[in-house]
Structure formats: structure tokens, C-alpha cells
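Asks: Take this structure first; my questions come after.
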Amino acid sequence: MCLKISPMLVLQVIRDNKKEIAAALKKRNLDADTLLENVLELDEKRRALQTEMDQTLAQSNKLSKEIGMLYKTGKAQEANTLKEQTTALKEASKKMGEALNAVSDDLDNALYLIPNIPHTSVPSGNSEEDNEEVYKEGDIPKLMEGALPHWDLAKKYDIIDFELGVKITGAGFPVYKGKGARLQRALISYFLDKNTQAGYTEIQVPYLVNEASGFGTGQLPDKEGQMYHVQADDLYLIPTAEVPVTNLLRDNILNLNDLPICYTGYTPCFRREAGSYGAHVRGLNRLHQFDKVEIVRVEQPENSYQALNSMVEHIKEILKELNLPYRILRLCGGDLGFTSALTYDFEVFSTAQDRWLEISSVSNFESYQSNRLKLRYKDENGKTQLAHTLNGSSLALPRVLAGILENYQTKEGIRIPDVLIPYTGFDIID
RNA sequence: GGAGAGGUGCCGGAGUGGUAACGGAGCAGAUUGCUAAUCUGUCGACGCGCACGUGUCGCAUGGGUUCGAAUCCCAUUCUCUCCGCCA
């Protein structure tokens with residue numbers, strides 16, 4: 001008989017720190033008391049059931065051994081008597097097993113409703129308006145008379161064709177042409193080079209993932225609607241490289257000296273994105289398919305926030321090289337993703353649109369993902385511990401492109417940032 | 001798509017009905033006059049116990065047969081080899 005057992009090391013943590021956790025979750029405007037209460041109740045129920053069943057099975061195992069011995073010594077008569085006893089035990093343990101499975105499922109489901117616990121530095125707040133600006137760099141350029149938003153520039157220079165994308169697929173699937181396509185490729189190469197120079201190992205991953213992968217990083221089951229689902233094969237188009245890349249380490253027990261693991265990878269990303277409309281989704285602002293270069297790290301818990309900072313510094317350096325005005329926000333509890341403990345958003349200023357555009361999101365998930373991924377390591381005492389996972393965009397292409405097009409436009413054409421010229425092979429789009 | 005073989009612990013690898021050999025890695029302890037060797041123990045998950053301990057589960061997954069299943073049966077799934085198709 002096999003039992004579904006959730007490896008929820010977090011349960012012990014919840015048991016011991018219920019009050020603190022409930023208080024921390026208040027930052028998400030979540031009344032966690034009942035959620036936690038429910039979990040603890042189911043947990044207790046489950047443990048009681050398991051103890052009971054273990055005892056029954058132990059007895060049954062013992063009898064089976066005795067029966068085996070009796071047969072061997074030719075005492076079939078006595079063996080048969082014992083057999084009768086085991087029947088009742090068997091039925092009882094079967095029922096207990098079913099009950100245990102049911103409670104375990106309930107417990108799992110109850111646990112999935114609890115989001116990650118926000119880091120102490122996370123500000124409370126309801127929406128993106130309450131996010132805390134922690135850094136700002138770069139001057140916002142004064143644009144020439146008649147400066148255009150990027151979708152008009154795209155048309156003027158014939159580098160991105162949104163209508164063509166509509167024809168062959170639908171809205172939100174742009175077609176890049178000529179120097180536009182080349183600039184995309186240049187950005188991807190440039191980002192990957194920067195990341196590998198910083199010590200991240202470049203990898204290429206599948207763009208379709210199975211359900212277990214979606215579950216591991218937290219897209220499933222709750223954010224199912226965000227992903228494109230290929231029904232015939234039950235696979236999902238990745239919404240970000242985070243999913244396949246982090247899942248590379250799923251079901252692993254790493255040695256201490258394997259850590260940290262630093263990966264970078266380029267993938268297209270696919271998002272169904274129900275919702276918004278109007279100018280906010282115009283042009284490159286929000287797409288169903290876009291390109292992104294991602295960085296992913298696996299760390300010992302005691303190093304993970306240092307790692308988060310180093311990721312932030314790394315992205316700052318790239319934006320500085322591109323000479324784009326940007327700011328960094330620390331997401332408030334209300335805006336923080338379900339699986340994240342602390343997230344910094346990078347936003348670049350889109351001059352012609354006069355608004356900030358998110359181009360990177362850097363998060364520490366602590367052990368939230370690794371718990372689902374069963375991603376562990378042996379600590380210095382040889383004890384198995386959950387690792388911490390982190391990831392960030394480095395960087396998302398469309399809005400960086402939008403920022404470049406708008407901020408670098410001149411009467412003569414769109415200038416290419418110096419660092420990109422070796423990659424594009426041209427210095428102006430005209 | 002057709003045919004065959006296979007899936008055993010962190011890794012390798014035995015095991016065809018009596019309750020997971022053996023080897024390696026890692027860790028812990030012991031020991032030896034030096035970056036090493038040797039010996040012993042430990043090794044995944046979930047419980048119970050203050051604790052020394054101890055119970056259950058784990059042989060791809062889910063069922064079934066049996067007092068007892070890695071082993072027998074059914075379904076599913078994945079991998080490999082050959083054929084077909086093909087970038």
C-alpha cells in the first residue's frame with residue numbers, strides 16, 4: 001500500500017510560529033488565522049491517523065512473519081489460526097489508509113492556499129501604488145519636438161509589424177523585421193554575455209513543460225489560466241524560463257559544494273494575460289509572446305538575501321550600460337507574488353508614454369518553491385535541508401526595446417546604445 | 001506509428017513469494033606523525049518518544065492477488081534499441 005505523503009517540512013514551522021506567520025501574512029491583506037487553523041487541525045488529524053495505522057500495520061507485519069515461520073517449521077495448523085486474525089487487521093488498515101489519504105489531500109490543498117511569508121522588509125499596502133521606491137538612476141531625457149511612442153516608431157522605421165502578427169496568429173504576437181529583428185537578437189546576446197560574465201551558466205531549455213514542472217514553481221494549480229495549455233499532450237507553454245530552469249533541479253539532494261547554482265537562459269515566454277486593455281497594452285507594453293533572458297539561483301538559506309542583492313546589483317549594471325533611466329521598487333504585500341518572499345521590480349522610464357514600464361522582477365522564494373520541487377541539499381552536518389531559490393529577469397526584451405526606441409529617438413533616427421553596437425553591427429535605425 | 005528490452009536509495013548495481021545484497025559518493029565517529037589511508041556507523045519520507053530509541057512507508061506510478069510482493073497479475077507512464085516517417 002502506498003500513501004500520499006506531503007513532504008511539508010514547513011508544517012513544523014507553522015506549528016511553532018503560528019502567530020508570527022499570521023502576523024506576517026497580514027501584509028498581504030490576508031486574514032490567515034482561519035487558513036492556518038485549518039491546516040493545523042488537518043495536520044493533527046493526519047498524524048493521529050498515521051500513528052493509528054502504523055500500529056495496526058506493525059501488528060499485521062509481525063503476524064505475517066510468525067505465519068511464515070510456522071509454515072517453515074511445518075505447523076500449518078497454527079498458521080491458519082493466525083491468518084484469521086490478520087483479516088480483520090487488514091480491513092482496518094485499509095480503511096485507515098483511505099482516510100489518511102483523504103486527510104493528506106485536504107491538508108495539501110489547505111497548504112496550497114497559503115502564500116509565501118513576506119520578508120520583514122516588505123512594506124504593507126494594497127496595490128502597486130504602495131510599492132516602495134528604493135533606488136532611482138539615470139536622467140530622463142528631454143525629447144525632441146514631435147517625439148513618438150514606440151509603436152509609431154516601429155511603424156515609421158518598419159522594424160516591428162503588429163498587424164502582420166495579428167494576421168498569422170492574433171493580437172499580442174508582434175513580428176520583428178530587419179533592424180528590429182536584429183536588435184532583438186543583439187539584446188539577447190548582450191544579456192546572455194553579461195550574465196555569463198557574472199558567473200551564470202548558460203543553458204537552453206524546452207519551451208513546453210509538464211504539469212509537475214508547473215506545480216514545482218507555483219504556476220499550478222492556481223495560476224492555470226495564465227498559461228497556454230496544449231491539451232493533446234497535456235503540456236504547457238512556459239510563461240517564463242523560471243519554470244523549466246528551476247525545475248532542472250527538481251527532486252534533487254545537492255551537496256553543499258554544489259551551491260550556489262547560477263543559471264541563465266533565453267526563452268520566449270507565453271502568457272494568456274486576460275484583462276487589461278487600451279494604451280497600457282498597446283505596442284510592446286503587454287504581449288502574449290515575448291522574449292526574456294532569465295537568471296536563476298539556488299542558494300543556501302543563509303546566503304539567499306545576499307544573492308538577491310547581487311542579482312539586483314547585476315541588473316543595475318546592465319541598465320547603466322544601456323543608459324536607460326530606471327527605478328527599483330520593493331513590492332508591497334498586496335502586490336507581492338503568491339510564491340515570493342521579497343521582490344524587487346525594475347522599471348524603465350518610457351519617455352514618450354510618460355510612464356514607467358516593468359522590465360525585471362527579481363525575487364527570493366526562500367524555500368517555498370524548493371518545498372514543492374523537493375529541492376534539497378545536505379548541510380555541513382549532513383542534514384537534508386530545503387534550498388532557497390531565486391530568479392530574476394535579466395532582462396525582459398519588449399519593454400527594454402520600447403525604452404530604447406523612445407529614449408534614443410532623434411531627428412536622424414533611433415540611435416543604438418554604445419554597448420549594443422558590436423552586437424547589432426549598426427549604430428542607427430533610420 | 002510498429003516490434004522488443006528495461007525503470008531498484010545521492011550514484012552504480014544484485015535480487016522471480018518470507019520482508020532491499022554489494023560497491024561508490026557524502027556525512028559522523030575512531031585510529032594512524034603530515035591535502036591521504038584504514039575501520040565502524042549513517043544514508044529517502046512520515047510519525048511516536050524527554051531521551052537511548054522505535055514504528056510505518058519507499059524497488060517508475062496507480063490498482064489487484066496473497067497471511068506475506070521489488071518478485072505474480074492488470075492499467076498507466078517514462079527511458080533505451082531496431083524499423084518506419086522526418087527537421
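Results for (1) of a type outside the set (S, T, N, Q); (2) more than 24 Å from A:V243 (Cα to Cα), shown as yes or no for each residue.
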position	(1), (2)
A:L308	yes, no
A:V312	yes, no
A:K320	yes, yes
A:G334	yes, no
A:L342	yes, no
A:A352	yes, yes
A:N364	no, no
A:S370	no, no
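Asks: Another question about this same structure. Which of the residues belonging to the range A:142-168 are touching a strand residue (DSSP E or B) at 6+ places or on another chain (Cβ under 9 Å) and at pLDDT below 90?
Replies: A:L143, A:M144, A:A147
Asks: For the range A:386-413, name all the residues that are over 21 Å from A:K194 (Cβ atoms), more than 16 Å from RNA strand B (Cβ to nearest atom) and in contact with a Phe, Trp or Tyr (Cβ under 6 Å, 6 or more places away or on another chain).
Replies: Scanning the range A:386-413 gives a single hit, A:T389.
Asks: So, one more: What tally of residues in the range A:216-266 results from selecting those that are within 16 Å of RNA strand B (Cβ to nearest atom), under 13 Å from the mean Cα position of the chain (by Cα) and of a type in the set (S, T, N, Q)?
Replies: 1
Asks: Mind listing whichever residues of the range A:37-51 are more than 6 Å from RNA strand B (Cβ to nearest atom) and open to solvent by less than 90 Å² (accessible area, probe 1.4 Å)? Explain how you work it out, then say what you get.
Replies: As a first pass, look at the range A:37-51 and keep what is more than 6 Å from RNA strand B (Cβ to nearest atom): A:37-46, A:48-49.
Within the range A:37-51, A:E37, A:N38, A:V39, A:L40, A:L42, A:D43, A:R46, A:A48, A:L49 meet the criteria.
Asks: Show me the helices (runs of 4 or more DSSP H) entirely contained within the range A:1-116 in which 1 or more residues are of a type in the set (G, A, S) and under 30 Å from A:S370 (Cα atoms).
Replies: On the way: elements: A:10-16, A:18-25, A:33-72, A:76-112.
In the range A:1-116, A:18-25, A:33-72, A:76-112 are the helices (runs of 4 or more DSSP H) which contain 1 or more residues that are of a type in the set (G, A, S) and under 30 Å from A:S370 (Cα atoms).
Asks: Sticking with this structure for a sec: If I ask for residues that are of a type in the set (S, T, Y), closer than 19 Å to A:G392 by Cβ and not in a strand (DSSP E or B), which ones from the range A:214-271 would you list?
Replies: Here is the first cut: in the range A:214-271, the residues of a type in the set (S, T, Y) are A:217, A:228, A:236, A:240, A:246, A:263-264, A:266-267.
Next cut, closer than 19 Å to A:G392 by Cβ only: A:217, A:240, A:246, A:263-264, A:266-267.
Correct list: A:T217, A:T240, A:T246.
Asks: So which residues in the range A:70-110 are away from RNA strand B (no atom under 11 Å from the Cβ), charged (D, E, K, R) and touching a residue at least 24 places away in the same chain (Cβ under 8 Å)?
Replies: A:D105, A:D106, A:D108, listed by residue number.
Asks: On to the next question. From the list A:L40, A:L113, which one is aliphatic (A, V, I, L, M) and without any contact (Cβ under 8 Å) to a residue 40 or more places away in the chain?
Replies: Testing whether each residue is aliphatic (A, V, I, L, M) and without any contact (Cβ under 8 Å) to a residue 40 or more places away in the chain leaves just A:L40.
Asks: Would you please name the residue that is least open to solvent (accessible area, probe 1.4 Å), looking only at residues in the range A:119-156 that are aliphatic (A, V, I, L, M) and assigned to a loop (DSSP other than H, G, I, E, B)?
Replies: A:V122
Asks: Looking at the structure I just gave you, is A:L100 open to solvent by 40 Å² or more (accessible area, probe 1.4 Å), at pLDDT below 90 and of a type in the set (A, V, I, L, M, F, W, C)? Before the answer, list the steps.
Replies: Values: open to solvent by 40 Å² or more (accessible area, probe 1.4 Å): no; at pLDDT below 90: yes; of a type in the set (A, V, I, L, M, F, W, C): yes.
Spelling it out, it is not the case that A:L100 is open to solvent by 40 Å² or more (accessible area, probe 1.4 Å), at pLDDT below 90 and of a type in the set (A, V, I, L, M, F, W, C).
Asks: Also: Of the residues A:E299, A:E294, only one is open to solvent by less than 60 Å² (accessible area, probe 1.4 Å), at pLDDT below 95 and of a type in the set (D, E); which?
Replies: Values: A:E294 fails: at pLDDT below 95.
When all the criteria are applied, what remains is A:E299.
Asks: Check every one of the strands (runs of 3 or more DSSP E) wholly within the range A:308-423 and list those with 1 or more residues that are farther than 30 Å from A:I117 by Cα and in contact (Cβ under 8 Å) with a residue 12 or more places away in the chain.
Replies: On the way: elements: A:326-330, A:342-350, A:355-366, A:375-378, A:384-386, A:388-396.
Ranges flagged: A:342-350.
Asks: Let me ask something else about it. Has the range A:174-183 got any residue that is open to solvent by 80 Å² or more (accessible area, probe 1.4 Å), outside any loop (DSSP other than H, G, I, E, B) and modelled with pLDDT of 95 or more?
Replies: yes
Asks: Quickly run through the range A:225-253 and pick out the residues that are open to solvent by 20 Å² or more (accessible area, probe 1.4 Å), in contact with an Asp or Glu (Cβ under 9 Å, 6 or more places away or on another chain) and of a type in the set (A, V, I, L, M, F, W, C).
Replies: Within the range A:225-253, just A:L235 meets the criteria.
Asks: Sticking with this one: So how many residues does the range A:352-385 have that are near RNA strand B (Cβ under 10 Å from one of its atoms) and of a type in the set (K, R)? Let's see the steps before the verdict.
Replies: At the first step, the residues of the range A:352-385 found to be near RNA strand B (Cβ under 10 Å from one of its atoms) are A:371, A:374, A:376-385.
Cutting the leftovers down to of a type in the set (K, R) gives us A:374, A:376, A:378, A:383.
Residues that pass the stated criteria total 4.
The values are calculated or read from the model by the stated rules, or taken from the named source; none is laboratory data. Because the structure is a prediction, the values reported are computed rather than measured. All Cβ positions, glycine included, derive from the backbone under ideal geometry; neighbour counts span all protein chains shown. Note: accessible area is taken over every heavy atom of the protein model, side chains too, but ligands, DNA and RNA are not part of it. Shrake-Rupley method; radii C 1.70, N 1.55, O 1.52, S 1.80 Å.
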